[in-house]
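For reference, the structure discussed in these notes is given below.
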Amino acid sequence: MTFGLEFPAVSQLVQWKVIWGSDWYGVTRVTIQIILSVVIILAFFLIAGSKRKLVPTGAQNVAESAVDFVQEGIILQSMGEEGLSWTPFMLTLFSFILVLNFWEVLPGFQMPVTAHIAIPAELAILIWVLFNAVGIKSQGFFGYLKGMAFPPGVPWPLYILVTPIEIVSTLFVRPLSLAVRLFANMLAGHLLLASFAVLSAGMFTAEAVFLKPFGVLPFGLLIALMGFEVLVSFLQAFIFTILAAVYIGLAMHPEH
Amino acid sequence: MLHVLAEQGAGELEAGLKTIGAGIVYGGAAIGPGIGIGIVVGNAITAMARQPEASGPVRTTMFLGIAFTEALALFGFVLAFLLKG
């Protein structure tokens, strides 16, 4: 009679068999999930936009409320009126991350693609390049550097302290925290769901008969946590997009 | 004590210490953000209760504040895994 549970190692929970190619550059299930996500998003918006009607129904309804949400909930809150030309980019970013996160709770897949650091890191590098490019374009190279390193309204002796902090936080901490936030949230959710699944499986198949009915408890919590993870997936997609919008908006209008 | 140490396999002590260290790292990293998120959400609720018509912008700002505060705890979470290696 054993009460001990064997929890799988973390690497075992996020690594998948290489279907095609080598260990370093191969196709795994996660790769297929990314390709599927792109296809799903593309198909959804193409279908929603193909038969446009004045009174929207079905897919067009969902697509229009998504555009509305991105414009009013994300862009107007952080970039203002002139950020509205960024709507296509922000909508793409939001729906891409949302679908990648939703794989976490989809039965049969149960693997958030963003729990691999490569995908959030690549998206964060994209945002880093974008907001620097926008800042250089709108303020000029030296103007952008000056606005970043010497924020106005600070007494000059404080610049000894403020300038290094500002440079490090803008150029290094921003992309790092953007990537790590999305990655760690989704990995933590994945581990949480996996732990409760292992726990309930272990209790249902326990040798001691009196333990079996109590397997309902972790299983019920597992279902509740699934609902919570849907919320987290949505929230993390929202937060990533709004932070990208805030950074690009800050580069467009320097503080004055 | 000494003969207990001698009976262990090579690297066992190191692995155990690493696990303890990872636990301390995550626990320590969660203290500050826990308090911080409490302050952020508490003040946001106060603001929403005082001015319900402003709850839209307050909610957005609250999530932004939570995201910035939470980042520190998540760094600790990732660092714990890196330490356990």
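The values are calculated or read from the model by the stated rules, or taken from the named source; none is laboratory data. Remember, it's a predicted structure, so these values are computed and weren't measured experimentally. Counting neighbours? That spans all protein chains shown, and the Cβs are built from the backbone with ideal geometry, glycine included.
Within segment B:29-85, restricting attention to residues that are within 13 Å of chain A (Cβ to nearest Cβ) and touching a Lys or Arg at 6+ places or on another chain (Cβ under 8 Å), which residue is surrounded by the fewest Cβ atoms within 10 Å (Cβ to Cβ)?
B:GLY85
Is it fair to say A:GLU166 is surrounded by fewer than 21 Cβ atoms within 10 Å (Cβ to Cβ), in a helix (DSSP H, G or I) and either more than 12 Å from every other protein chain (Cβ to nearest Cβ) or in contact with a helix residue (DSSP H, G or I) (Cβ under 6 Å, 6 or more places away or on another chain) (or both)?
When the stated conditions are applied, A:GLU166 passes them.
On the given criteria, is B:PRO52 within 16 Å of the chain's Cα centre (by Cα) and without any contact (Cβ under 8 Å) to a residue 60 or more places away in the chain?
No; evaluated as a whole, the condition is false for this residue.
What residue, of A:LEU182, A:LEU193, A:LEU176, is within 17 Å of the chain's Cα centre (by Cα), in a helix (DSSP H, G or I) and buried (at least 17 other Cβ atoms within 10 Å of the Cβ)?
Just one listed residue meets the conditions, A:LEU182.
For segment A:203-216, indicate whether the set of residues that are polar (S, T, N, Q), away from chain B (no Cβ under 14 Å) and touching a helix residue (DSSP H, G or I) at 6+ places or on another chain (Cβ under 6 Å) is non-empty.
Among the residues of segment A:203-216, not one is polar (S, T, N, Q), away from chain B (no Cβ under 14 Å) and touching a helix residue (DSSP H, G or I) at 6+ places or on another chain (Cβ under 6 Å), which makes the answer no.
I need the full set of residues from segment A:17-47 which are among the small types (Gly, Ala, Ser) and modelled with pLDDT under 90, in order please.
Listed by number, the residues that qualify are A:GLY21, A:SER22, A:GLY26.
Which members of segment A:169-185 meet the condition of being among the hydroxyl-bearing types (Ser, Thr, Tyr) and either more than 9 Å from chain B (Cβ to nearest Cβ) or in contact with a strand residue (DSSP E or B) (Cβ under 6 Å, 6 or more places away or on another chain) (or both)?
A:SER169, A:THR170
Kindly establish whether A:ILE74 is loosely packed, with under 12 Cβ neighbours inside 10 Å, under 30 Å from B:PHE77 (Cα atoms) and among the β-branched types (Val, Ile, Thr).
It is false that A:ILE74 is loosely packed, with under 12 Cβ neighbours inside 10 Å, under 30 Å from B:PHE77 (Cα atoms) and among the β-branched types (Val, Ile, Thr).
Name every residue in segment A:65-86 that is more than 13 Å from every other protein chain (Cβ to nearest Cβ) and hydroxyl-bearing (Ser, Thr, Tyr), in order of residue number.
A:SER65, A:SER85
Are there helices (runs of 4 or more DSSP H) fully within segment A:35-150 with at least 2 residues that are within 20 Å of A:ARG174 (Cβ to Cβ)? List them.
Ranges flagged: A:87-102, A:118-139, A:141-149.
Looking at B:THR46, B:THR69, can you tell me which residue is among the polar types (S, T, N, Q), in contact with a Pro (Cβ under 6 Å, 6 or more places away or on another chain) and modelled with pLDDT of 90 or more?
Values: B:THR46 fails: in contact with a Pro (Cβ under 6 Å, 6 or more places away or on another chain).
From the options B:THR46, B:THR69, the qualifying one is B:THR69.
What are the residues in segment A:227-245 that are surrounded by fewer than 20 Cβ atoms within 10 Å (Cβ to Cβ) and touching a Leu at 6+ places or on another chain (Cβ under 7 Å), if any?
Passing the criteria: only A:PHE234.
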